[in-house]
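One structure is given here, and the rest of the page talks about it.
The values are calculated or read from the model by the stated rules, or taken from the named source; none is laboratory data. Note that this is a predicted model, so its numbers are computed, not measured. Glycine also receives a Cβ, built like all others from the backbone with ideal geometry; neighbour counts cover every protein chain displayed.
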Amino acid sequence: MHQPANPTYAKVLLFSLFALSFTGCASFDFPSLDLSPDGTKYVSGGGGGEFNGFDETMDETVYNKVREAQANNAIVFQVQGDSDASRVLPLPPDGKSVFVSTLLTQSGAVKKMGGVAPILYRSSPQSIGGVRMAVKMSPGGKTVVPESDYALRPGDRVYVQRSAGIDMKNLFSATLGI
């Protein structure tokens, strides 16, 4: 049998091949065809691994209403569980600002639902469904916290759902008999 000339060389070579077998192709930087227009290698999935397009509150009808609202200086207002799933509401023609808190109060959503958890989707060319902007509410979900009381722009979509905190409060009260 043939013995290698230098046994240390053979051991180093075997160890290197063994270590290299566990690194995978990620350790090599192969040239590739970059198809993204902004030069990034990966497409961002948005926050939390979520698709940055439609969400569960957006469908084709709502998308068309958002486009209509953009063209007509209006917003889209959606209330979870409402028979009229989404309404296009005009903004004042004189340019006066309308805030999320004003919309919630004048629409009667807070009074009807008790406490709400609204979400503002600001229309953006980078996202089909709009950029999600959290609207923070006071405990109980009846008042918008001032730092998140956004002024509405044409094409904005406000989705209002019942606050989960209210459901837990009612469940807790029912359990204790309060």
Counting only residues in region 57-95 that are touching a Ser or Thr at 6+ places or on another chain (Cβ under 6 Å) and part of a strand (DSSP E or B), the one nearest to Pro154 (Cα to Cα) is identified as Val76
Of those in region 109-134 that are outside any helix (DSSP H, G or I) and more than 23 Å from Thr61 (Cβ to Cβ), the residue modelled with the lowest pLDDT is Gly114
Among the residues in region 37-56, are any among the small types (Gly, Ala, Ser), at pLDDT 85 or above and outside any helix (DSSP H, G or I)? no
Counting only residues in region 64-106 that are small (Gly, Ala, Ser) and crowded, with 18+ Cβ neighbours inside 10 Å, the one nearest to the chain's Cα centre (by Cα) is identified as Ser86
Among residues of region 140-158 being more than 17 Å from Ser86 (Cα to Cα) and hydrophobic (A, V, I, L, M, F, W, C), the residue surrounded by the most Cβ atoms within 10 Å (Cβ to Cβ) is Val144
Those residues of region 109-139 which are surrounded by fewer than 20 Cβ atoms within 10 Å (Cβ to Cβ), under 25 Å from Ser83 (Cβ atoms) and without any contact (Cβ under 8 Å) to a residue 40 or more places away in the chain amount to Lys111, Lys112
